[in-house]
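Heads up, the thing below is written out as structure tokens.
Any read-out appearing in this document is the output of simple, stated calculations on the displayed coordinates, not a laboratory observation. Just so it is clear, the structure is predicted and the values come from calculations on it, not from any experiment. Because the Cβ atoms are built from the backbone with ideal geometry, glycine has one as well, and the counts that use them run over all protein chains shown.
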Amino acid sequence: MRPFIKFADSLSTSMGKAFSWCIVILMGGTVYEVIAAYVFNKPTLWNFDFSMQMYGAILMMSGAYCLATEAHVRGDVIYRLFKPRTQAWIDFVLYFVFFFPGVVALAFYGYEYAALAWKIKETSWSSPAQIQIYMVKSLIPAAGILLIIQGISEVFRSVICIQEGKWPSRMVVAQETEEILMRKSQEENKENAI
């Protein structure tokens, strides 16, 4: 189980980091549009659709990364009070009841949706530029597959925690703002004490 967890975490993290560069590309397109529109008075037809595609790519491909790093928003007011084994049982059950049905549907129906888009070479109907969008629709089943892989990894984490009583470590962990602020405060207090 641990080698699969390592593989899934590496895959999700690398894909998340790779697609985070879409933010830089998106920013470049926005800067270009602002300069073209306000400095040269020649706005583009393609930039709005381009921005939508970049936002879509970031959104779709960041899901597995967020799952791998525990960055998803969760209401854990009561959950965090439980012992790790109880948390693991809750996660184990909820992954099968809620998570997998949704992401399997995303991958399965996303594949059909993307395949149809490729078949007809779909273009944007809401754009005067009529840019091609069928390639970006391929990210829908890809995101579903990445989420399934990372979801299996999370189930394996739950099984290990149920067996051992503690959660296995993660490659990258999203830090809560309160934890960061507490650490900074403690460091400042140590510096002031010296």
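Structure data summary
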{"quantity": "Normalised convex hull volume, the chain, alpha-carbon set, Å³ per residue", "calculated": "177"}
{"quantity": "Relative contact order of the chain, defined on C-alpha pairs under 8 angstrom at six or more residues apart (%)", "calculated": "30"}
{"quantity": "Under 14 Å from Lys184, Cα to Cα: aspartates and glutamates that are on another chain or at least 8 residues apart", "calculated": "Glu176"}
{"quantity": "Residue order, fewest to most surrounding Cβ atoms within 10 angstrom, among Arg85, Arg2, Arg80", "calculated": "Arg80, Arg2, Arg85"}
{"quantity": "Contact order normalised by residue count of region 14-77, Cα under 8 Å, 6+ apart, percent", "calculated": "44"}
{"quantity": "Tensor-based shape of region 1-115 (alpha-carbon gyration tensor, a/c under 1.5 rounded, otherwise prolate or oblate)", "calculated": "prolate"}
{"quantity": "Ranked list, fewest to most other Cβ atoms within 10 Å of each Cβ, for Phe40, Phe82, Phe100", "calculated": "Phe40, Phe82, Phe100"}
{"quantity": "Helical contribution to [θ] at 222 nm, DSSP H n ≥ 4, -39,500 (n - 2.57), averaged over the chain, rounded to 500", "calculated": "-23000 deg cm²/dmol"}
{"quantity": "Spin-label pair Ile162/Ser185, simplified geometry with 7 Å Cα→Cβ offset, distance in nm", "calculated": "3.8"}
{"quantity": "Residue among Lys166, Lys184, Lys137 with the largest mean-square fluctuation in a Gaussian network model of the chain, springs linking Cα atoms under 10 Å", "calculated": "Lys184"}
{"quantity": "Computed lengthening from Phe7 to Phe108, 0.36 nm per intervening residue step minus Cα-Cα distance", "calculated": "34.1 nm"}
{"quantity": "Fluctuation leader among Ala88, Ala57, Ala18 - the chain, Gaussian network, Cα springs under 10 angstrom", "calculated": "Ala18"}
{"quantity": "Zone residues, region 46-71, relative to Ile25, backbone N less than 17 Å from point 7 Å out along Cα-to-Cβ", "calculated": "46-63"}
{"quantity": "Cut-off 14 Å between beta-carbons: net charge of the residues surrounding Ile120, Lys and Arg +1, Asp and Glu -1", "calculated": "+1"}
{"quantity": "Selected from Thr69, Thr44, Thr13 as most flexible by GNM, with the chain as the system and alpha-carbon contacts under 10 Å", "calculated": "Thr44"}
{"quantity": "Ser153, Ser127 arranged by Cβ crowding within 10 Å, fewest neighbours leading", "calculated": "Ser127, Ser153"}
